[in-house]
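Remarks on the structure that follows.
The values are calculated or read from the model by the stated rules, or taken from the named source; none is laboratory data. Every value quoted in this text rests on a predicted model; they were computed, and no experiment measured them. Because the Cβ atoms are built from the backbone with ideal geometry, glycine has one as well, and the counts that use them run over all protein chains shown. The area values use the complete protein model at the heavy-atom level, side chains included, leaving out ligands, DNA and RNA. Shrake-Rupley method; radii C 1.70, N 1.55, O 1.52, S 1.80 Å.
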Amino acid sequence: MNYDLTEDQYAFQQTARKFAQQQLSPYAKEWDEQQTFPKATFIAAGKLGFMAMYIPEEHHGIGLGRLDSAIIMEELASECTSTAAFISIHNMAFNMLARYGQSSLQNVWCADLASGQKLVSYCLTEPGAGSDAASLTTRAEKKDDHYLLNGAKAFISGAGETDLLIVMARTSADGSKGISCFAVPADTAGITYGKKEQKLGWSNQPTALINFEDVRIPHDHLLAEEGQGFKLAMEGLDGGRINIAACSLGTARASLSLSTQYVKERKQFNHAISEFQATQFKLADMLTELTAARQMIRLAAYKLDTNHSEKSTYCAMAKRFATDLGFRICDEALQLHGGYGYIKEYPIERHFRDTRVHRILEGTNEIMRLIIAKRLLADENLNLLD
Ligand SMILES: Cc1cc2nc3c(=O)[nH]c(=O)nc-3n(C[C@H](O)[C@H](O)[C@H](O)COP(=O)(O)OP(=O)(O)OC[C@H]3O[C@@H](n4cnc5c(N)ncnc54)[C@H](O)[C@@H]3O)c2cc1C
């Protein structure tokens, strides 16, 4: 077993680090304060392949594995969590089109999505269907030459600014098996957007409700087949969960790095606060937890890359673990900064705000525990324990 990065992975990491330091770090504070969705930066990220990381090359992606992508996401998030998180969502939704879209549709969208010229949102959650996503009620009724889409999606990242929507909608009454997946151009007649939600964090990307009223979707905008939408949505989330976990990891790393410097400089009781053992124990726990979270993420990504039968369980474990710990590390970092951690002049309070939502979206951490426990209880030979 070799835990070292390969030469290629090291090169991706260094490229992502340089990009993040040059193109994200100088602007992250201002984007947060002014709620700026950095579209030009997505185009710059597209030039390096970051808008199409694990998209197959025939669809204009760079065809990386999930482990390679997680390494890149950690770097991007270490300089701007919210921008990195949107890049993660874009990759997830784009990949669904690239894997399951019809070629007529792929030919229109893939090149522009890969370059970052066009952006895509993932639309699963509804006002009445969050954790229980399979209970969604947005309906796509099949007509002669189109589907007619009616319903609403809640909390959609990028809504109002993205060009394409990957929408899960009901085509028959049968629970999760009655759900289908559609690629819908965001400016189609009948689509309207709610107000931009005012949020605790992730302030540089819009989040809004989307209403669909008699929206006509051509038949070839269906991804895969009718009834497969929920499966596609969950498959997308496996990779999405790794990337969101990596966003927590990168942000926590940045917070720990800032704290390590700060405690050496800050003096109280005539000593640098780094000299107090209570401070040292905090730092030691933060580094230990950070390292454990990174290993969990990389293990889950490896399971996904190798199509392991329990890949979804590993993705759920990594998401639960890394987003809980990532948030805790940011919170401890804020504590180590004392009152200065709480004011906006220092980036710590933004890291704390930005990582909070990772415990809620892409499946709450309670839902991750349900997924993990269900698999463990069904695992008669306890293979998951090996
Ligand atoms: C900033 C932001 C961006 C988002 N972006 C997107 C997006 O781009 N696309 C998209 O589709 N969605 C998006 N979401 C939605 C997100 O995925 C949902 O908020 C999330 O799945 C939880 O659903 P809910 O908010 O309806 O909470 P609920 O499902 O109502 O849950 C409320 C609480 O009850 C708990 N709970 C629910 N059921 C159980 C159970 N069986 N056992 C134990 N506890 C339970 C939950 O864990 C949670 O703590 C976004 C949300 C936010 C806040």
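Structural remarks
- Taking amide H as placed 1.01 Å from N in the peptide plane, the amide H of residue 55 sits under 5 Å from that of 62, 63, 64, each at least 5 places away or on another chain.
- With a Förster radius of 25 Å applied to the C-beta separation of residue 272 and residue 344, the computed FRET efficiency comes to 0.50.
- GNM flexibility winner over the chain from 307, 204, 91 (Cα, springs under 10 Å): 307
- MRE, 222 nm, helices only [DSSP H, n ≥ 4, -39500 (n - 2.57), over the chain, to nearest 500]: -17000 deg cm²/dmol
- Bins of 10 Å from zero: percent of alpha-carbon pairs in the chain: 5, 23, 33, 24, 10, 3, 1, 0
- Straight-line cross-link partners of residue 319 among the lysines, defined as a Cα under 17 Å from its Cα and at least 8 positions apart when in the same chain: 303, 311, 374.
- The stretch between residue 57 and residue 35 holds 4.6 nm of extra length on full extension. This uses 0.36 nm per residue minus the Cα-Cα distance.
- Highest-fluctuation residue, 299, 164, 370 considered, GNM on the chain with Cα pairs under 10 Å: 370
- Apportionment of accessible area to carbon and sulfur, the chain, percent (1.4 Å): 50 percent
- Value in Å of the Kirkwood radius, where the range 7-115 supplies the Cα pairs that are averaged: 14.0 Å
- Choice from 343, 43, 156 with maximal GNM fluctuation in the chain (Cα, 10 Å cutoff): 343
- Sparse packing (at most 15 other Cβ atoms within 10 Å of the Cβ) combined with a DSSP loop state is found for the following chymotrypsin sites (Phe, Trp or Tyr not before Pro) in the range 1-36: 3.
- Residue 357 accessible area, assembled protein chains, probe 1.4 Å, Å²: 40 Å²
- Length added when fully stretched, residue 261-residue 5, from 0.36 nm per residue minus Cα-Cα: 89.5 nm
- Contact order normalised by residue count of the chain, Cα under 8 Å, 6+ apart, percent: 16 percent
- Those GluC sites (Glu not before Pro) in the range 187-258 that DSSP places in a loop and that have at most 15 other beta carbons within 10 Å: 197, 225
- With contacts taken as Cα pairs under 8 Å at a separation of at least 6 residues, the range 1-109 carries a relative contact order of 28 percent.
- Solvent-accessible area of residue 172 with every protein chain in place, 1.4 Å probe, in Å² to the nearest 10: 40 Å²
- Remark: the range 275-288, residue by residue, has Karplus-estimated 3J(HN,Hα) of 7, 7, 5, 4, 5, 4, 5, 4, 4, 4, 5, 4, 5, 4 Hz, where x stands for each Gly or Pro and the curve is 6.51 cos²θ - 1.76 cosθ + 1.60 at θ = phi - 60°.
- One chain, two ends: residue 111 and residue 146. Fully extended at 0.36 nm per residue, the span grows by 10.1 nm beyond their Cα-Cα distance.
- Taking all protein chains into account, the per residue accessible area for the range 59-124 stands at 24 Å² (1.4 Å probe).
- Restricting the trypsin sites (Lys or Arg not before Pro) of the range 166-209 to loop positions (DSSP other than H, G, I, E, B) with no more than 11 neighbouring Cβ atoms within 10 Å leaves 195.
- Rounded accessible area of residue 264 (nearest 10 Å², 1.4 Å probe): 130 Å²
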